[in-house]
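This report refers to the structure that appears directly beneath it.
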Amino acid sequence: MSFVPRLIRHSPRTLLLACAAAATMLFISEGTYYWRAANLLESREEISQVLMASRIGIAALTAISLLALFFYLRQAAVVQRQQDHLNALTQADHHRLELEVARRTAELTELTHHLQTAREDERSRLARDLHDELGALLTSAKLDAARIRSRLGTTAPEAQDRLAHLVLTLNGVIALKRRIIEDLRPSSLGNLGLVATLEILAREFAQTSGLQVHCELQAVPLDAEADLVVYRLVQEGITNIGKHAKAREVWLGLGQQGDQVVVTLRDDGVGFDPQARPGAAHGLMGMRFRVLAEGGRLDLVSSPGHGTTIRMQLPCGAEPGAGGGGDDDGRGDQRPVA
Ligand SMILES: Nc1ncnc2c1ncn2[C@@H]1O[C@H](COP(=O)(O)OP(=O)(O)OP(=O)(O)O)[C@@H](O)[C@H]1O
Ligand SMILES: [Mg+2]
């Protein structure tokens, strides 16, 4: 027999109590379940509210960030546009200034060329006048003096002495005239050519300054005008050496490299800083413009205590002058001229 029918039969109160206990237990567990469920529901509500609030917050923050990003990008685009505009203006200004500088330099170079040509023409004219007119007058004066001298014979010794003095003076004036003419325009340039003329210049400089001048000169293909530019450059360069360098030795070179004629003048003197431009110095500047006007370039290397080197390049022009000195085979030679 099973346990429950036996219990119903033997102890109905116990069964009732057991039922009551079970019902109570069931009620309590049901109550707990519903309480827990209610709690759970409440926390879920809260969580979903919190979640909702954070979602709204995140969405709001995202929207604000996007808005800020939008404004930032817009501002950056405006700034970039302004910057581009400014850059374009600066670039245009820069370009305009470069063009202006190039134009002015070209004008200055042309003006220098014109002035130098006019100056050389004027010097040539003066040299010609001195040679032709003054030369003729002096020769005629010397002839007259010689005639008077022969007429006087031995009659007037005092007048003879005066006449001898006059002839001496005339000879001095003729020598002075020659020097001035040579200085104005070296006749040797046309008669003997550039190499011989530079050798004469170097020799005379060595004699007057006491410096040792080494020449390495080759005949080069330049026209008469460029010959004169080279001559004037060397003239100015050695004048500077005599004036400023306190040198002991000087090296002068003339030769051809490819389609360029190269002239170098170097000294072992005190040197100087080419960037520190003294106010009243026009020799080097004039030389630079003159070389530029001939389509060449001039480089100057110098520093205090290390001597000075001037290097000039000129494009080749005419064949070496017919009267040009120097070696026939074009070989250079290096020899001291003093
Ligand atoms: N060979 C050299 N050695 C040392 N200093 C030099 C030499 N050549 C030029 N200088 C320096 O460079 C300066 C400029 O020379 P530049 O020939 O232009 O002018 P300058 O000789 O002083 O005057 P100018 O030639 O107008 O009569 C000189 O004053 C001198 O200080
Ligand atoms: Mg000078």
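FYI, it's all coordinate maths here, none of it is from the lab. These figures come from a predicted structure and were not determined experimentally. Counting neighbours? That spans all protein chains shown, and the Cβs are built from the backbone with ideal geometry, glycine included.
A straight Cα-to-Cα reach below 14 Å connects Lys246 with the aspartates and glutamates Asp267, Asp268, residues fewer than 8 places away in its own chain not being considered.
A Förster distance of 45 Å, applied to the separation of the beta-carbon atoms of Val50 and Ala76, puts the FRET efficiency at 0.75.
Note on Ala175 and Ala106: with the Förster distance fixed at 41 Å, the Cβ-Cβ geometry gives a FRET efficiency of about 0.40.
Take the Cβ atoms of Ser303 and Ile148, set R0 to 45 Å, and the FRET efficiency comes out at 0.10. Between the listed residues Trp251, Cys215, Met25, the Cα displaced farthest toward the positive end of the dipole of the chain, a dipole computed from Cβ unit charges relative to the Cα centre, is found at Met25. Principal-axis analysis of the Cα atoms of the chain puts helix 12-129 at an angle of about 10° to the longest axis. Ordered by the number of other Cβ atoms lying within 10 Å of each residue's own Cβ, fewest first, Thr197, Thr169 fall into the sequence Thr169, Thr197.
For the chain, the dipole from Cβ point charges (+1 on Lys and Arg, -1 on Asp and Glu) about the Cα centre works out to 1860 debye, to the nearest 20. With axes computed from alpha carbons, what is the tilt in degrees of helix 224-240 against the longest principal axis of the chain, rounded to the nearest 10 within 0 to 90? Approximately 80 degrees, to the nearest ten. Converting phi to 3J(HN,Hα) with the Karplus coefficients 6.51, -1.76 and 1.60 and the offset θ = phi - 60°, the stretch 173-183 yields 5, 5, 5, 4, 4, 4, 4, 4, 4, 4, 5 Hz in sequence order, with x at every glycine or proline.
Ranked for footprinting exposure by Cβ neighbours inside 10 Å, fewest first, Met312, Met287 give Met287, Met312. Along the axis of the charge dipole computed for the chain (Cβ charges of +1 for Lys and Arg, -1 for Asp and Glu, origin at the Cα centre), the listed residues Ala156, Ala68, Cys316 are led at the positive end by Ala68. Extension gain, Glu204 to Asp84: 0.36 nm times the residue separation minus the Cα-Cα distance gives 36.8 nm. Straightening the chain between Lys246 and Ala164 buys 25.2 nm, computed as 0.36 nm per residue apart minus the Cα-Cα spacing.
Against the longest principal axis of the chain, how steep is helix 283-293, in degrees 0 to 90 to the nearest 10, with axes from Cα atoms? Rounded to the nearest ten degrees, it is 80. Basic side chains Lys and Arg get +1 at the Cβ, acidic Asp and Glu get -1 at the Cβ, and with that the dipole of the stretch 189-271 about its Cα centre reaches some 360 debye. The translational diffusion coefficient of the chain, from Stokes-Einstein at 25 °C and 0.890 mPa s with a Kirkwood hydrodynamic radius over alpha carbon pairs, comes to 83 µm²/s. Label-to-label distance, Leu99 versus Ile64, with points set 7 angstrom from Cα along the beta-carbon direction: 5.4 nm.
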